[in-house]
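Below: the structure, in structure tokens.
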Amino acid sequence: MSVRRLNHAVLYVHDLASAVDFYTATLGMEVRAHIPGQAAFLRAAGSANDHDLGLFALAASAPITADAPARVGLYHLAWEVGTLAELEEIRHRLAGRGALVGASDHRVSKSLYAKDPSGIEFEVMWRVPAEDWEAESRRGPMIAPLDLAEEMSRWGDRVTGAAAGSVT
């Protein structure tokens, strides 16, 4: 048996209401179940999962500060979108909330990095078509600044990854 993909993630958050608002407003998730003050279960649009993200409130907790040193534990989650136009739309939403903290061209993926209201970092990314990974990997360093406008002109509105029915 082999693990095929991540089915869902569950996070502890400092303020459940602000976390639910953030993930529904910026990533378009919908609330599937809600236990006020305790937990919420959200699903991404078009997902076949019961939920993709579980959020549990931690009483008397505070957000992770921007200057907090790295520590053992989860670094970030990566959410995949089907098109670069969707990535651009999410970039605007994240920037509008002051949550966008970075953008990288990983050659085989084009990625945005953000932090939710609890300071938990996550990535939103678009995958280059698998058949182009080898050629893309030869284009330069595996981590470079992302020029989203240039990538949109190169790839157009091509649908890739899970949105195109592929898990490769």
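Quick note: the coordinates plus some simple rules give every number you see, no bench work behind them. Remember, it's a predicted structure, so these values are computed and weren't measured experimentally.
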Legend entry - Over segment 75-168 - Rg/Rh using Cα atoms and the Kirkwood inverse-distance radius: 0.96
Inset, instruction - Starting at the first residue of segment 94-111, write each ³J(HN,Hα) from the Karplus equation 6.51 cos²θ - 1.76 cosθ + 1.60 with θ = phi - 60°, in whole Hz, x for Gly and Pro. - result: 5, 4, x, 9, x, 9, 6, 10, x, 8, 9, 9, 9, 6, 8, 8, 10, 10
Legend entry - Spatial extent of the chain: Rg and Dmax, with the Cα atoms as the point set, Å: 16.5, 50
Legend entry - Computed P(r) (all Cα pairs; segment 13-107; 5 Å bins; percent): 2, 11, 18, 23, 22, 16, 7, 1, 0
Inset, instruction - Step through the residues of segment 134-139 one at a time and calculate ³J(HN,Hα) from phi using the Karplus curve (6.51 cos²θ - 1.76 cosθ + 1.60, θ = phi - 60°), rounding each to whole Hz and writing x for Gly and Pro. - result: 4, 5, 5, 5, 8, 6
Legend entry - Amide hydrogen neighbours beyond the local backbone of R32, cut-off 5 Å, H modeled: F41, L42, R43
Inset, instruction - For V13, list long-range residues whose amide hydrogen, built 1.01 Å from N in the peptide plane, is under 5 Å from its own amide hydrogen. - result: F56, A57, L58
Inset, instruction - Please report, to two decimal places, log10 I(q)/I(0) for segment 8-60 at q = 0.14, 0.27 Å⁻¹ as given by the Debye formula with identical point scatterers on the Cα atoms and no solvent. - result: -0.29, -1.04
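Relative contact order of the chain: what whole-number percent is it, with Cα pairs under 8 angstrom and at least 6 residues apart?
21 percent
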Inset, instruction - Springs between alpha-carbon atoms under 10 Å, Gaussian network over the chain: tell me which of I90, I35, I120 tops the mean-square fluctuations. - result: I35
